[in-house]
Structure formats: structure tokens, C-alpha cells
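To keep things clear, I will list the structure first and then write my remarks on it.
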Amino acid sequence: MRLRRMGASFPTRLSFLRSLTRRLAAENVRVTRPVWDMSADGFGHAVYCLEFGGFTYALVAVSTDLPPDQRTDRVIATAWDTAYVLYDGMPSKDEIARIVAAAPKQEASRFTARDLVLSRANKSVRLWAHVVDALRAGKQPDHDLVARTGYLMRTTAVYGNGKFGIADRAVIADRPGLSGPFAAEMLTVWLIRGFTHDLVEHVGGAPLDRSLKRHLGIGNSTGLGMAPFLVSHPLLLDAWMQVRETALARVRAVPSLSPDQIERVYTLVSRAAQHLAEWNVPDRIAADRVAVLRREFAVFANTLTPELMLSPSPIDAIIRGAGKYSIDCQELIVALCLEPFGDLIDGLTDCMATPFEPRIDPAMTCAQLQEIIAQDWDWACCLDYSAPSDCARFWYVSEAKLEPRLGDRHAETGGDRESPLDIARQVKALQNDLTGDGKVAAFLRQHPEHRSAVRRVQTLSLHPYAEIRDNLIGEDCLPIDMLRCKLSFFGAAKFDPKSDRWTRITLAQGAPLWDELDNADDWWLPTFAA
């Protein structure tokens, strides 16, 4: 649970998009398009419908003519190329009209409990124009340009869980197929991706090559707004990591590999190497890590001899041997080793939601609390938060940008409006004030300012993966690590950091098209050739 390792995460077969497409395939879901009201230039609206988990859902997609000077991926934008609502049921004409009017306004409008997810996306202008021009000329778009970009549109938000009047999560929390974390949002992304294919073919007047369509996922620009999530949802983070570690333990315990499993591993190694070769980013830190990863993964691949693969407990041997490589390579090897064993681990995804909530145990003694701090929080309590390096940053919500930001405590104002993400410092302050052998209840009556820290300490004692074990206000904190960890659980790949505070990604690249769900589960680390 160190940031550096979390920031080396790769998508796995446990990722939310993968588990969603497996469920869609198991139910033989079919997507229909009952409404297509689009001008020749691709402006208007469409409705897509599917039956899933015993319920009907519809995506209402709205495409507008956006002036170039209004196009921005910032969260403070007020206009977008496209806007979307995932609707609970099949909307009537009046409901479609309501959504078509409201969706392009996004935060400036209000929605209803029949609206499950709200989203918007902008075109990748250069690739969109190129694809349209190629199709109109009777040609397919340039493969290299498609490979470099990887998406026709990128979302700038996919809102769920009650924002702006849409349905609270409780509405769908027990529904088959949507009960897992972010399942409704991932369904929306998958449907949006299909809409972008339909729209460009409509404007271009010709079909895209199927392999090109499969490679065109949905882009996303993600910044600091996502980073605090892993801090504010510790038990959800614990559930995700518990599932991952349980899955890894299961595959390490596999006593031997069949010839088909060995062949599968070799195929995946070749695919991963090709994926790394196609992963090119301008960011210096990321580019250096990818370069090291390419070299080390080639060395690792050469160790997978027939003798090793036929030996007892080969996956355990592979994981133990991975310790000699960089953290990035170690995490890629873990993702690789999980991939061939769906029969062992896919069911664990049912445990990625959590019924638990952080609670204070007022009957615990202060001595017991001190023991927990000594056992679990030495990484936090050994730091000196009066030193400039250990309190160099502060988190806050920007009034102008309407999203979380990270400030320089020693050079910027605003520290008095700091968001409480300084978990390590809070626990150190708790330790300093925690004396005596009374009850926690009595201590908190005297020191109510420590309620949050007490809750975190008690929670971590029962949920070992609930906490990021790093100083989130230290000068070495890289928020991009938090972003990558969460996005890898979504299923993102080919991270393209633009700084240590925001990144572009691609979702659903290589995922099955709507009529390909019979082959729904073989798109880990997709390559363009595949």
C-alpha cells in the first residue's frame, strides 16, 4: 500500500470493465438502437437499449455542434461535443426530450432518479476529422494514427451516485450486473464507445474496419479530482485490494500447469511485450519507467523455460523470482499471472463492493489504541511534520476550478482551507495526545479533534488494505500514483501522464464490440495487431 507500488498498477481480469463484459456475455446481452435522430453532420440524439440483469437500461446520447473556442477538457467547461445519460428503463418521448434538453448543460441542469449516470465527452479533433475524411473518400483511416490516439472521443466526467439529482447508488446496489463498484459507470463508458463508432460511420458514410473499431476505445482525462477518492473510501479500497491479494494467493497455490495453460502464458507474454512496445508517452518519468519495463520484461520472458513451467508450483516460483525486477515489472508479472485462471478467481469480483463502514469503537481502551498505532502506523509516526519536507503540500478544493488541488504550503496561501487528507499527520498528532488507560470514549470527550484519526486507526486494524501507507502531504507525494491505482481497477491501460497530477488514459480499448460478446474475455493489454 505504498504509493510507488500503487502507481505501478496494471489492469487485470478483476478490473471492473472486464467483469462487466463477462457478465454481459453470460447473459447474451444485445444492444439495440430504437432512436437515431442525427443530421448528416452528426448532430442530434440517439437512444440505445439493452436488457441486463432483469432490468432495461437505455443510453441517451446527445451530439451538439461545439465551436472550437468552447472545447476544453477542464471540469469547469460549460459545453461539450457530446453528452449522455444512462436511463433506468426505456424512456418515453417526453423523457427523451427532457434528457436531450438537460444533458448538454451537465452540472447546470438537474436530473431525476430515473437517470443513473451522467457523462460528457469531447472529440479527439484530429483523429475524428481524419477518420471522417478517409471514410468519405472510400478508404480506411491511417492505422498508425489510430494506434497512436486510440479513441475517437474522451470523457471528461462520468458521474454517478446521486450527483445533480441522478439516482443514489442504493437504487442499483442490489441489481444483478450493476451491484459492483462503478458497474453502471463502466456500462455507460462501453455504450458511449459504441456510439462514437456509430456516429463517425454515420458522418463518414461508410463502415469502419472491424479491427480498427475494436482498437478505438474511450479516452479520458483524469486529474486531481479523482485522487482523494481512495482516501475518503478506505473500506472500498480494502475490498479491492483484498480481492486482488486473494486472487494472487490462489494462483500461486496452483500445483502445476496444463499444456494449454502453459501455451496461454506464452501467448500473454508475447502480447504484453507488444503492448509495451506500443506504449509511448512524452512524460519523462513515465517514459523512463516504460523503458526500464521493456528491458526487464524481455529478461523475465527468457526465464519462462519449459523446465520452469513444468515444475511444481510454477506460478509461485515466477512471483518469487519477480522480486529482482523493478516495481513496475513486478506488477505487470502479477497481472500476467492472474490472467489464465479465471475459473479460480473471477468469482471474487462479487466481493469488491463492501457492506462495511468506518466506525469508532468507544469501548476500546487507550492502551489498546496505542498498541494498534505502534503496530500499524510506524510509517506515519516516524515522520517529523514540523520539517518542511514532511508538510510541503496541502490539499484543498479550488473555488475557481471547482475541483481538488494540491498546494505548496511554503509558497502559496490557502493552507487554512486544507482538506483533511493529511492522514499520517493526524495519526501522529493522535499518538502525541494519547495517554492513560481509560476508554476511547473518555479520551474523545477531551479531544474531539482526534475523532477522525481514531476512526482511521481502528478501521485499519480490521481492514489491512484500507490505508495508503504514505505521507500525502510530503514533498515526494505523486498524486498520479493514486490516479493510476484507481484507474487500473477500472480497466485503464496505456497511461499517458501530462504531469504528476493528471493523465490521459484509454478505456475499453480492445474490448468486444456489441456483437462480439461471445468472445468477451480475451482483451487484457490489447495490442493493435490483435
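The values are calculated or read from the model by the stated rules, or taken from the named source; none is laboratory data. Since the structure is predicted, the reported quantities are computational estimates derived from the model, not experimental observations. Positions of Cβ are generated from backbone atoms using ideal geometry, with glycine treated the same way; all protein chains shown enter the neighbour counts. For accessibility, only protein heavy atoms count, side chains too; no ligands or nucleic acids. Shrake-Rupley method; radii C 1.70, N 1.55, O 1.52, S 1.80 Å.
Okay, here's what the table says:
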| read-out | value |
| --- | --- |
| Residue in region 344-374 that is farthest from LEU257 (Cα to Cα), counting only those that are without any contact (Cβ under 8 Å) to a residue 12 or more places away in the chain and assigned to a helix (DSSP H, G or I) | GLN368 |
| Considering residues of region 331-343 that are part of a helix (DSSP H, G or I) and of a type in the set (D, E, K, R) only, the residue least open to solvent (accessible area, probe 1.4 Å) | GLU331 |
| Flag if GLN458 is in contact with a Cys (Cβ under 7 Å, 6 or more places away or on another chain), closer than 21 Å to THR365 by Cα, modelled with pLDDT of 95 or more and of a type outside the set (A, V, I, L, M, F, W, C) | no |
| Which numbered condition SER461 misses (of (1) open to solvent by less than 10 Å² (accessible area, probe 1.4 Å); (2) farther than 22 Å from PHE394 by Cβ) | (1) |
| Contacts under 9 angstrom Cβ, first residue in region 454-473 being of a type in the set (Phe, Trp, Tyr), partner outside any loop (DSSP other than H, G, I, E, B) and open to solvent by 30 Å² or more (accessible area, probe 1.4 Å), 6 or more apart | TYR465/GLN242; TYR465/ARG244; TYR465/GLU245 |
| Whichever residue in region 355-391 is among the hydroxyl-bearing types (Ser, Thr, Tyr) and either at positive phi or over 34 Å from the mean Cα position of the chain (by Cα) (or both) and, among such residues, is surrounded by the most Cβ atoms within 10 Å (Cβ to Cβ) | THR365 |
